[in-house]
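Worksheet for the structure shown next.
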Amino acid sequence: MFRDENEKVLTKARAPRQPSDAAKRTGSKSRKGSADESGSSSSRSSSVVARRPEMISAQIRSISPALSAPLQDEGIRFFFTHYVSSSPKLQNGEVDCTKSSPQWSLLSIDPSFNNAVSSVGFAGLSNVTKDPEHTIAARKKYAASLRDITLALQDTSKSDLDATFKSVMLLAAFEIVNGTSQSNGGSWAVHIDGAAAILKLMISRRPQGLPATRLQMMFVLSVCFKALSRGEQVPSSMHDWTRSVRRSMDPVDAHSTALADIMIRCVNFLSTIKNVSLVDSISIYLEAVDCDAELRDWNAQLPEGWRHKTIPTADTSEFIYEGHIHVYEDLWRARMYTNYRWMRIMLSQVLLEHQANLAMFATDETVQREDSLHTISELAHDICTSISSQLTRFEDVENVRRQVPPMSGVFLLLLPISIAGSAMGVPESMHQWCIRMLEYIGNKMGIYQALEMVGLVKMQRGKWIPGNDAFHVPLGGSVWKSDALITSLISI
């Protein structure tokens with residue numbers, strides 16, 4: 001299931017990573033960072049209390065006795081400060097990370113999970129500090145977690161598969177933070193495949209009628225992104241599973257299974273374009289229309305619990321787009337909803353590219369073109385406006401435990417930001433804002449993949465914009481970005 005990469009990983013730890021050309025260009029900017037420099041919004045709701053990152057304690061010095069040993073780890077400290085959503089305060093005003101979510105109790109009882117969390121944190125820390133010792137620590141923790149996972153899978157009857165599943169997902173996140181999702185023979189994809197196999201085993205042991213977890217539902221989309229990046233079809237087992245758990249889920253959350261079904265269809269369709277197994281413009285155009293209609297119908301019947309309010313804010317932090325923020329009742333649903341937005345943008349770009357080749361639609365070309373451009377503009381704007389809600393740190397954990405996922409939304413934002421910033425017809429101001437966001441996430445939050453994507457976003461925009469704000473559809477071109485723009489999305 002997994003490749004034993006321990007020796008290779010440890011060998012790489014002794015040599016500094018050579019940054020890509022894109023990262024070198026953005027790396028010329030200041031990369032000074034500390035644990036209190038992650039951005040946030042000023043969004044508020046009746047059940048969610050948020051605060052700006054500069055108010056967050058940079059060092060976690062007071063922790064509960066049960067987790068005192070693991071939280072002395074600098075990597076885990078950085079992880080909690082930058083990549084965790086909820087952090088209540090102790091009486092002395094410092095952050096108590098141990099009460100963020102029941103998930104983090106695994107730190108004290110599961111070695112593979114502890115090492116995986118630490119590896120992600122050390123990877124981010126090394127990207128901010130440029131300290132080679134942090135890089136070595138990240139690689140060693142990664143290798144240790146991989147060894148622990150391999151041992152656990154030798155006898156699954158005695159293993160905590162849920163903890164193992166989460167550990168594998170964290171190792172996938174390591175590839176994103178480390179900027180290696182496209183190297184090492186596709187380690188990110190290997191981890192996704194491994195997690196899918198573990199999930200299949202977990203499902204086989206699940207009592208009938210037990211609902212899927214939100215993490216598992218989000219993971220289905222990661223399987224979709226992996227398939228899309230490779231031009232493959234999504235395994236039919238994912239489609240079968242989402243349908244089987246629909247009735248057992250919370251009625252409002254169950255709308256996510258319908259979205260997953262549509263996303264699977266869309267990914268399978270787009271993969272046929274990517275691998276050139278479908279080249280007929282008429283067939284492509286009509287299938288894109290059908291997929292887009294399915295997404296629009298899904299959105300039209302969503303209940304109020306999935307909706308958001310757009311409100312103005314005086315906050316001027318980096319993550320605020322044009323002075324407005326989105327307020328969501330439930331941030332997990334908000335993250336699921338973001339997938340609807342970027343997928344419709346991609347489908348609209350398919351329509352724009354192929355309708356120009358179809359004489360049969362000539363009379364409607366102008367109307368369809370304007371409709372597609374309007375859809376792209378509106379959804380890209382929504383993606384940018386929603387960013388702040390995904391990077392907010394929350395204090396009142398008891399009130400928001402169900403509404404706020406344990407992990408920050410930063411890992412889920414790289415792909416939507418990149419698509420919004422490079423989409424057909426978006427204004428230059430939006431493109432530049434998205435570039436700044438990727439640079440901030442890379443330089444200040446230590447997620448190196450964000451810097452890798454800056455050059456790709458600029459290159460992709462160049463295909464639509466020849467030299468000024470004049471818009472064109474490239475003849476014989478392709479809507480496809482580099483795989484890095486697809487595989488950077490990870491579900492944690």
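Quick check on segment 276-299. Is at least one of its residues at pLDDT below 90, surrounded by 13 or more Cβ atoms within 10 Å (Cβ to Cβ), assigned to a helix (DSSP H, G or I) and under 22 Å from the mean Cα position of the chain (by Cα)? Looking for residues that are at pLDDT below 90, surrounded by 13 or more Cβ atoms within 10 Å (Cβ to Cβ), assigned to a helix (DSSP H, G or I) and under 22 Å from the mean Cα position of the chain (by Cα), one finds none in segment 276-299, hence no. The residues of segment 411-430 include none that are among the β-branched types (Val, Ile, Thr) and surrounded by fewer than 24 Cβ atoms within 10 Å (Cβ to Cβ). Would you check which residues across segment 249-275 are over 22 Å from Arg230 (Cα atoms) and under 21 Å from the mean Cα position of the chain (by Cα) and list them? Matches in segment 249-275: Asp253, Ala254, His255, Ser256, Thr257, Ala258.
Scanning segment 212-229 for residues that are without any contact (Cβ under 8 Å) to a residue 60 or more places away in the chain, surrounded by fewer than 22 Cβ atoms within 10 Å (Cβ to Cβ) and assigned to a helix (DSSP H, G or I) yields a single hit, Gln216. What are the residues in segment 230-254 that are assigned to a helix (DSSP H, G or I) and surrounded by fewer than 16 Cβ atoms within 10 Å (Cβ to Cβ), if any? Result: Ser236, Ser237, Asp240, Arg243, Ser244.
Of the residues screened, Val84 is not one that is closer than 20 Å to Val410 by Cβ, among the hydrophobic types (A, V, I, L, M, F, W, C), modelled with pLDDT of 70 or more and out of contact with any strand residue (DSSP E or B) (no Cβ under 8 Å at 6 or more places or on another chain). The residues on offer are Ala144, Ala123, Ala163, and the sole one that is closer than 23 Å to Glu452 by Cβ and either surrounded by 24 or more Cβ atoms within 10 Å (Cβ to Cβ) or modelled with pLDDT of 90 or more (or both) is Ala123. Does Lys274 qualify as being farther than 19 Å from Pro303 by Cα, touching a residue at least 60 places away in the same chain (Cβ under 8 Å) and of a type in the set (Lys, Arg)? Yes.
The values are calculated or read from the model by the stated rules, or taken from the named source; none is laboratory data. Values in this document were obtained by computation on a predicted structure and should not be read as measured data. Positions of Cβ are backbone-derived with ideal geometry, glycine not excepted, and every protein chain shown enters the neighbour counts.
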